[in-house]
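K.L.:
The structure under discussion is supplied below as structure tokens; questions concerning it will follow.
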Amino acid sequence: MSSAPRTATERTKLPYCHESFHNLQELRHSASLANKVFIQRDYTDGTICKFQTKFPSELDSRIERTLFEDTVKMLNNYYAEAEKIGGQSYIEGCLACLTVYLVFLCIETRYEKVLKKISRYIQEQNEKVYAPRGLLITDPIERGMRVIEISVYEDRGSSGSSSGSSTTSSSGR
Amino acid sequence: MITRKVTRKWEKLPGKNTFCCDGRVMMGRQKGVFYLTLFLIVGTCSLFFAFECPYLAVHLSPAIPVFAVLLFVFVMAMLLRTSFSDPGVLPRALQEEANFIEMEIEAANGNVMAGQRPPPRIKNVQINNQIVKLKYCYTCKIFRPPRASHCSICDNCVDRFDHHCPWVGNCVGKRNYRYFYLFTLSLSLLTIYIFTFNIVHVVLREYRNIFEHVVSLTPHCTVLEVLVCFFTLWSVVGLTGFHTYLISLNQTTNEDIKGSWSGKNRVQNPYSHKNIIKNCCEVLCSPTYPSVLDRRGVMLEDLSSPTSSDASAASTHKSSNPVSQTTKSSAPLIPNEHTPDEAKPGIGAGTQKSTSSPKEEKPPSPTSPNAVAPAVIKESSH
């Protein structure tokens, strides 16, 4: 499972990754897409936006379980905050109704504000955690809030066998 | 330097919606009844303002027309908001997601004997201790979220689908249900208001000088307005009452018609908070959901700038697909060539490709209308 030579410090920091990418730029330019993993929605609490924290087996060798779960839990918290029905949503709703919803031409809804926060969070997670491991998270809003799509990349220089084995293991799930 | 007209994503959306104002307005396909609604409301109110209000303002109170104007503006705003907004359309699954779901279904079903019908594609989830069945949508290639349904008129899956209303010319779903409800409510009030003041007007004139023959269309207009209001009253007030009932139980029209939570088989509505106030608050006062259809987003056909999705970025380095590489290096995307989305499954998903066949190739956001081209190129990548 040797990859193209990288700096030693990169390697030591990331025990799970056999291909270490410096950043998102490098990921985009020197990697090829191997697989995509989809984290589905969790409907046990109703129709609120919440994703399953179950760790997919395809990512077993790519990222630590706790890191993944933390990301998903954080996203779930953000969505819960966006969809919370409480004082602020009442005020926003009443104000909007009284102004015949013209107020939304001027101000942003709370949901939109939280979506921006989510987008920044995902960007940050991609840069710090996922890209160095050859993974990339797609913002759920781009998939209709149905799934969190995680793209699994592999270094073009390294042998394809490592990713090949991970894809065959996924089909046997 | 290539200058091209900017293509926005709404132009490539599947489904049978009509779009206006460069994607800002989204409606259903048939708009005839919507125009009728507009005509009836605007027409009746115009007659009211023109012929009744001057008399009533002078003889009763100027507040009457003022309030009528406010109510009319509110009704129109709610109608337009309901008709022109995205009801909560769920975008169709892209190729990889569709393949992933197919794989999961096959894994769950096991081996189906040749000649045997495959079992229906249903996923059971538990919501608030109730088992809810999620159905698979063959058009959108997704398991529909709970309360979502596929509208055959608009050819979209809509979240929290209530019904397709021809009077507003759009589906009523999660995002525009409260506007629809406020529309029916305010229209009921407006109808009752106009009806009442028409009667008041007629009664007032009766007790005035009978010989004061107002040479105008006023008596005829009054009769017309009374007729329109009378028939509207029964339907709109009834509809408002029905939707108030649904809201208090946190049900949709679709669920009510299908009898999903009618109580037989001891199935209760898992979404209801069992409290009328809480149910009303959730339906009417919940935060405004954003549209997940990025209608006005720009479709990037040339791949010089990386998009937020990895699709284009990853595919620029596909080594096993010479056709795509030559396409990418020459800037304009020839319409019949495949998009990066179609190229991807041919590479890493070699084991997943067993289920995908050329006939399933229906790209959700096609820049190439030709569905055969992606299939052909996919095979070449083997």
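K.L.:
Just grab the label-to-label distance for B:R117 and B:V66, each label 7 Å out from Cα along the Cβ direction, in nm (one decimal).
P.N.:
Distance between the two pseudo-spin positions: 6.7 nm.
K.L.:
Let me ask something else about it. If you place +1 on the Cβ of every Lys and Arg and -1 on the Cβ of every Asp and Glu, how big does the dipole about the Cα centre of the stretch B:12-170 come out, in debye to the nearest 20?
P.N.:
320
K.L.:
Oh, and also: Listed here are the pairs A:K73/A:K116; B:K31/B:K278; A:K73/B:K16; B:K12/B:K174; which of them are more than 26 Å apart at the Cα?
P.N.:
B:K31/B:K278; A:K73/B:K16
K.L.:
When 1/r is averaged over all different Cα pairs and the result inverted, which Kirkwood radius in Å belongs to the stretch B:95-144?
P.N.:
Taking the inverse mean of 1/r over all distinct Cα pairs, the stretch B:95-144 comes out at 12.1 Å.
K.L.:
Mind giving me the FRET efficiency for B:C280 and B:N124? R0 is 51 Å, r the Cβ-Cβ distance, nearest 0.05 is fine.
P.N.:
0.95
K.L.:
Further question: Can you give me the convex hull volume of the Cα atoms of the stretch A:29-121, divided per residue and expressed in Å³?
P.N.:
Here the figure is 147 Å³ per residue.
K.L.:
With label points built 7 Å along Cα→Cβ from the Cα atoms of B:A107 and B:Y35, find their separation and express it in nm.
P.N.:
With each label placed 7 Å out from Cα toward Cβ, I get 5.2 nm.
K.L.:
Between beta-carbons, use under 10 Å as the cut-off and find the net charge around B:T18, counting Lys and Arg +1, Asp and Glu -1.
P.N.:
+3
K.L.:
Next up: Taking the highest mean first, how do the peptides B:149-156, B:280-287, A:42-49 order by number of other beta carbon atoms within 10 angstrom per residue?
P.N.:
Final packing ranking: B:149-156, B:280-287, A:42-49.
Each reported figure results from applying straightforward, stated rules to the coordinates on display, with no laboratory input. Quantities reported herein were computed from a predicted structural model and do not represent experimental measurements. Virtual Cβ from ideal backbone geometry, glycine too; neighbours counted across all protein chains shown.
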